[in-house]
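Visitor: This is the structure, below, for whatever I ask next.
The values are calculated or read from the model by the stated rules, or taken from the named source; none is laboratory data. Quick caveat: nothing in here was measured; it's all calculated off a predicted structure. With ideal geometry, Cβ positions are generated from the backbone for all residues, glycine too; neighbour counts draw on all protein chains shown.
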Amino acid sequence: MKLTLIVPASRKTIEVFRKDLPSQIDKIIIIHPDYHVLMKNRSIVSIKGNYSSSSARNIGIIKSDTDIIAFTDDDCELNIDWAKNIKKRFDDKKIMIVFGQTLSFSYKNSTFFTPCTFSKRKSGPITNKISRHWLEVGFSNNMAVKKEVFEKIGNFKWWLGPGSIGSNGEDAEFIIRATIAGFKKYYSHDSIVIHKKIIKKNSHQERMGSLSYLCGGLAAYGFYAFQGVSECKVIFNNLVYDFFSNIKNSYFKKIIKGDFKLLYYLVLEGIYFLRGFLIAFIFAKIVPIPKKENVVRLYYFRK
């Protein structure tokens, strides 16, 4: 089976190209605002455009002509055997989606951290139940999918993910949809990606990142919670509970003690919470759901 790697990019330096490319990647599709700097290799297809992450990936999916479509981000470096190890998991015909291990960039300063990392002790099947993707499944910065999955249930939601109104959560929603449809998922411990994004703890960047994940999580899980999917209701309710607990413990107590700078982030937290909540409700209850997704929903309720 052949594999296409799709990389939505906005950075001048794309980590995928900083070292030798992993073997057995048959094609790379880059969606980047400045495509000229990338036209150096015949195996690289460059598409010019400044799109949201979901829209860029969807363009790449449409342009892909291989059995496997894989994804990473422009701040991720792939292990040299990454593609080989991804492909071997698909030797099992029942496996339709593979997630790998995403590790943080090694640094000695404890005041920094790397977001969106994921690791389990060993390879194996991923639960066929809807769960918190950041703890049980993985992220789209290290994900490979058989093309037929997209053909059956559709691509990423344009209204989710970085650069969209939902700000994040595009991988969460896709994982939920694929799980409802019954596609088998697998975790490949030896398919390693190094996430090179470094954020200073308690910085403005960290706070804004947390707000983005809050908004996207509420939008993705809430979208299905408002449609009656019980597992998503539980996760959505937990996100809401965590939000109000954080407001009480991290904001009110400190503001009362005189830390008035937190008022700015308190207002932002409320805005992002409301934004994610409304996106979930509007797209679940008001915006008509495409026919393909109705099939997915009916499959769920028949079980």
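Visitor: So, in the stretch 93-115, of the ones that are of a type in the set (S, T, N, Q) and modelled with pLDDT of 95 or more, which residue ends up surrounded by the fewest Cβ atoms within 10 Å (Cβ to Cβ)? Full working, then the answer.
Guide: Initially, the stretch 93-115 is screened for residues of a type in the set (S, T, N, Q), giving 101-102, 104, 106, 109-111, 114.
Subset that is modelled with pLDDT of 95 or more: 101-102.
Values: Gln101: 22, Thr102: 24.
Going through the qualifying residues, I end up with Gln101.
Visitor: While we're on this one: Is it fair to say Arg132 is modelled with pLDDT of 95 or more, assigned by TED's automatic domain parsing to the domain that holds Arg89 and not aromatic (Phe, Trp, Tyr)? First the steps, then the outcome.
Guide: On the way: modelled with pLDDT of 95 or more: yes; assigned by TED's automatic domain parsing to the domain that holds Arg89: yes; not aromatic (Phe, Trp, Tyr): yes.
Yes, satisfied.
Visitor: May I ask you to verify whether Phe139 is in contact (Cβ under 8 Å) with a residue 12 or more places away in the chain and in contact with a Lys or Arg (Cβ under 8 Å, 6 or more places away or on another chain)?
Guide: So Phe139 fails the test.
Visitor: Return the residues of the stretch 73-92 that are modelled with pLDDT of 95 or more and not in a helix (DSSP H, G or I); say none if nothing qualifies.
Guide: Matches in the stretch 73-92: Phe90, Asp91, Asp92.
Visitor: Quick check on my filter: what residues within the stretch 235-288 are of a type in the set (Gly, Ala, Ser) and modelled with pLDDT of 85 or more? I'd like the intermediate steps shown before the answer.
Guide: Let us first name the residues in the stretch 235-288 that are of a type in the set (Gly, Ala, Ser), namely 245, 250, 258, 270, 276, 280, 284.
Those that are of a type in the set (Gly, Ala, Ser) and modelled with pLDDT of 85 or more: Ser245, Gly270, Gly276, Ala280, Ala284.
Visitor: Identify, by number, the condition in (1) over 20 Å from Gly154 (Cα atoms); (2) surrounded by 20 or more Cβ atoms within 10 Å (Cβ to Cβ) that Lys200 doesn't meet.
Guide: Only one criterion in (1) over 20 Å from Gly154 (Cα atoms); (2) surrounded by 20 or more Cβ atoms within 10 Å (Cβ to Cβ) is unmet by Lys200, namely (2).
Visitor: When you look at Ser104, is it touching a helix residue (DSSP H, G or I) at 6+ places or on another chain (Cβ under 6 Å) and polar (S, T, N, Q), yes or no?
Guide: Values: touching a helix residue (DSSP H, G or I) at 6+ places or on another chain (Cβ under 6 Å): no; polar (S, T, N, Q): yes.
No: the conditions fail for Ser104.
Visitor: Ala225 passes all but one of (1) under 29 Å from Ile153 (Cα atoms); (2) among the hydrophobic types (A, V, I, L, M, F, W, C); (3) surrounded by fewer than 22 Cβ atoms within 10 Å (Cβ to Cβ); which number fails?
Guide: The number of the failed condition is (3).
Visitor: Need the failing condition index for Val37 against (1) part of a helix (DSSP H, G or I); (2) at pLDDT 90 or above; (3) out of contact with any strand residue (DSSP E or B) (no Cβ under 7 Å at 6 or more places or on another chain), just the number.
Guide: Of (1) part of a helix (DSSP H, G or I); (2) at pLDDT 90 or above; (3) out of contact with any strand residue (DSSP E or B) (no Cβ under 7 Å at 6 or more places or on another chain), only one is false for Val37: (2).
Visitor: OK, next. Which of the numbered conditions does Gly209 fail, given that it passes all the others? Conditions: (1) assigned to a helix (DSSP H, G or I); (2) out of contact with any helix residue (DSSP H, G or I) (no Cβ under 8 Å at 6 or more places or on another chain); (3) free of Cβ contacts under 8 Å to residues at least 24 places away in the same chain.
Guide: Single failed check for Gly209: (3).
Visitor: For residues that are part of a strand (DSSP E or B) and either touching a Cys at 6+ places or on another chain (Cβ under 6 Å) or surrounded by fewer than 16 Cβ atoms within 10 Å (Cβ to Cβ) (or both), tally how many sit in the stretch 116-175. Before the answer, list the steps.
Guide: Of the residues in the stretch 116-175, the ones part of a strand (DSSP E or B) are 118, 124-125, 143-146.
Filter again for either touching a Cys at 6+ places or on another chain (Cβ under 6 Å) or surrounded by fewer than 16 Cβ atoms within 10 Å (Cβ to Cβ) (or both), leaving 124-125.
Final tally of qualifying residues: 2.
Visitor: If you don't mind, another one. Looking only at the stretch 289-296, decide whether some residue is outside the structural domain of Pro162 (by TED's automatic domain parsing), of a type in the set (A, V, I, L, M, F, W, C) and either at pLDDT 85 or above or in a helix (DSSP H, G or I) (or both).
Guide: At the first step, the residues of the stretch 289-296 found to be outside the structural domain of Pro162 (by TED's automatic domain parsing) are 289-296.
Add one more test, that the residue is of a type in the set (A, V, I, L, M, F, W, C), and what stays is 289, 295-296.
Next, from what is left, pick out any that are either at pLDDT 85 or above or in a helix (DSSP H, G or I) (or both): 295-296.
Yes; the residues of the stretch 289-296 include at least one that is outside the structural domain of Pro162 (by TED's automatic domain parsing), of a type in the set (A, V, I, L, M, F, W, C) and either at pLDDT 85 or above or in a helix (DSSP H, G or I) (or both).
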